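Quick notes on the structure that follows.
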């Protein structure tokens, strides 16, 4: 039997042999591949659709909040990008049997059961978002320059009833042609049912207010940015979320608007330093004054909108653009970032940031790295299953929960 000293020495040697791989430091050789480690995950599943999915949203359900018992299930709405525009589709997915990761790597073969309904979509789906209060209402932005509202209630009902004959296709309930340019920014209001805002690549914003038989569209805000509007998020504050929203833009600015203001201009403007495209933003659900941004230079920044001259925290790890950011729905100090370097980083801001980076150049606040997807475009925490992340990329959808956060 080895002594404690020998055992400790062996552990140290094994740790020294471990390599923290980064594609900007060393490219993988043609005969090399990343090794999946089941011990790092409580849950991991990968799903492939017929065509790459650029955007998705998690559909809320009535199975309860703060769910921890396996197996899990979740509902998603996804938009695809097909080579032939006639094959672009809107998917409504039901994933069941999302089981806990076993230590035996062969368990990866036992995937979840996936049921879905597919409807043809006019053009590539640049962005898809579901109404938080009425999940059957879905907004998509297309590369044809229009944005659409869909009613997917029949597709959801068919999935719940396991109705194999329920193959009726969804059609747009409402079409917005006011933009005239394609866009990527959709934000539903968190309190006012059916109210939303959309932004396009020319920097203009359209406010949607539900009326009998459709929506009243207003472009009174005009061009809110000099370049493309990349993201729109309504503030989660229970008292003000129907009045305040933030926009992120390729012009390097985050602008915050208050519908109660006497002017159509922003009440607060945050400028990235140095100026970079701001690709994604996310409000902290517990501290409504805190806003997370992901930028083109690979950095993520936490801002206090009351004192927005400098960021509260700077999260630097990725070597390519951040494409999506999200706060943990329960842990107020935890957030996640997806980037074009084909990785997702999970951070815990409650860990005291050291002046120097930690072991092997890893920031102390960096808790986890997820890899294995190519060209990751979006991620989101599941609001009802704490710690579970859904991410989409050109090759797959991943549903996972890391073991240490």
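The values are calculated or read from the model by the stated rules, or taken from the named source; none is laboratory data. The structure presented is a predicted model; accordingly, all values stated were derived computationally and were not measured. Please note: Cβ atoms are built from the backbone with ideal geometry, for glycine as well, and neighbour counts cover all protein chains shown.
Computed quantities for the displayed model
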| quantity | calculated |
| --- | --- |
| Residues located in the range 181-197, provided they are part of a strand (DSSP E or B) and either more than 17 Å from the chain's Cα centre (by Cα) or modelled with pLDDT under 95 (or both) | 196, 197 |
| Residue among 84, 57, 62 that is closer than 20 Å to residue 159 by Cα and at pLDDT below 95 | 62 |
| Residue under evaluation residue 273, criteria (1) surrounded by fewer than 20 Cβ atoms within 10 Å (Cβ to Cβ); (2) closer than 21 Å to residue 324 by Cα; (3) touching a strand residue (DSSP E or B) at 6+ places or on another chain (Cβ under 8 Å), criterion not met | (3) |
| Neighbours by Cβ (under 9 Å, 6+ apart or cross-chain): first from the range 39-66, free of Cβ contacts under 8 Å to residues at least 60 places away in the same chain; second buried (at least 18 other Cβ atoms within 10 Å of the Cβ) and not in a strand (DSSP E or B) | 51/81; 51/88 |
| Failed item in (1) more than 21 Å from the chain's Cα centre (by Cα); (2) surrounded by fewer than 20 Cβ atoms within 10 Å (Cβ to Cβ); (3) touching a residue at least 40 places away in the same chain (Cβ under 8 Å); (4) over 27 Å from residue 310 (Cα atoms), with residue 212 passing the rest | (3) |
| Residues satisfying the stated conditions in the range 72-103, i.e. surrounded by fewer than 13 Cβ atoms within 10 Å (Cβ to Cβ) and assigned to a loop (DSSP other than H, G, I, E, B) | 83, 84, 102, 103 |
| Selection count, the range 383-403, where residues are touching a strand residue (DSSP E or B) at 6+ places or on another chain (Cβ under 7 Å), buried (at least 20 other Cβ atoms within 10 Å of the Cβ) and in a loop (DSSP other than H, G, I, E, B) | 3 |
| Meets criteria (exposed (fewer than 15 other Cβ atoms within 10 Å of the Cβ), more than 14 Å from the chain's Cα centre (by Cα) and over 18 Å from residue 41 (Cβ atoms)) for residue 361 | yes |
| Selected residue (criterion: modelled with the highest pLDDT) from residues of the range 94-115 that are closer than 13 Å to residue 162 by Cα and touching a helix residue (DSSP H, G or I) at 6+ places or on another chain (Cβ under 8 Å) | 94 |
